Amino acid sequence: MSKDSKIRWGWLKAMYIYTIVGAGGFGVGMIIMPELIKSMFTWPAKEPIAFGIVGSVYAAFGLLSILGLRSPLKFAPVLLLQLCYKSIWFIGVVFPLLITGHFPGYALPFVLIFASYIIGDLIAIPFYYVFAQESKR
């Protein structure tokens, strides 16, 4: 069985599409309509710079995922980066807030959405390919 037959092509493309629509759309919304996005999620309106940075990063994930649809394996590190930062967010932000009892209610939709990305990325990313040495591909 070849290594390429182990790649879940459908999952890879689905995660790119999910990232284009989810992260890309959300990021563009954060940049173009920040007040609407803040009100939709009942976010405090205190930090426009960090909010804009996050929106730009999400929009970049969406744009890079468009390229991932054309070359799924070449852009798999985009999904890997997404998996890493969302996992770090759970470990470094969500769990401590839950443990201390300071978890804000407005963050629950993000927990659910981020969890769906983590699960999807874990299924889709061909880790053996991403971490293989160039000569072994």
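The values are calculated or read from the model by the stated rules, or taken from the named source; none is laboratory data. All values reported here derive from a predicted model rather than from experimental measurement. Here the Cβ positions follow ideal geometry from the backbone for every residue, glycine too, while neighbour counts run over all protein chains shown.
Only one of the listed residues (Leu112, Leu98) is aliphatic (A, V, I, L, M), surrounded by 12 or more Cβ atoms within 10 Å (Cβ to Cβ) and either modelled with pLDDT of 90 or more or within 21 Å of the chain's Cα centre (by Cα) (or both). That residue is Leu98. Against the criterion of being part of a helix (DSSP H, G or I), of a type in the set (A, V, I, L, M), in contact with a Gly (Cβ under 7 Å, 6 or more places away or on another chain) and farther than 21 Å from Ser116 by Cα, Ile31 qualifies. Criterion applied to Lys74, Lys86 was being exposed (fewer than 13 other Cβ atoms within 10 Å of the Cβ) and either closer than 30 Å to Trp9 by Cβ or acidic (Asp, Glu) (or both), and the one residue passing it is Lys74. Please enumerate the residues belonging to region 47-85 that are in contact (Cβ under 8 Å) with a residue 24 or more places away in the chain and more than 15 Å from the chain's Cα centre (by Cα). If the condition is that a residue be in contact (Cβ under 8 Å) with a residue 24 or more places away in the chain and more than 15 Å from the chain's Cα centre (by Cα), then Leu69, Pro72, Leu73 are the ones that fit.
Does Ile119 qualify as being out of contact with any Leu (no Cβ under 8 Å at 6 or more places or on another chain), part of a helix (DSSP H, G or I), in contact (Cβ under 8 Å) with a residue 12 or more places away in the chain and exposed (fewer than 15 other Cβ atoms within 10 Å of the Cβ)? Here the answer is no, as Ile119 does not meet what is asked.
Exactly one residue out of Pro109, Pro96 is free of Cβ contacts under 8 Å to residues at least 40 places away in the same chain, assigned to a helix (DSSP H, G or I) and at negative phi: that is Pro96. Evaluation of Leu36 against the conditions (1) loosely packed, with under 14 Cβ neighbours inside 10 Å; (2) in contact (Cβ under 8 Å) with a residue 24 or more places away in the chain shows that the sole unmet condition is (2).
Going through (1) in a helix (DSSP H, G or I); (2) farther than 20 Å from Leu112 by Cβ; (3) modelled with pLDDT of 95 or more one by one, Gly52 falls short only on (3).
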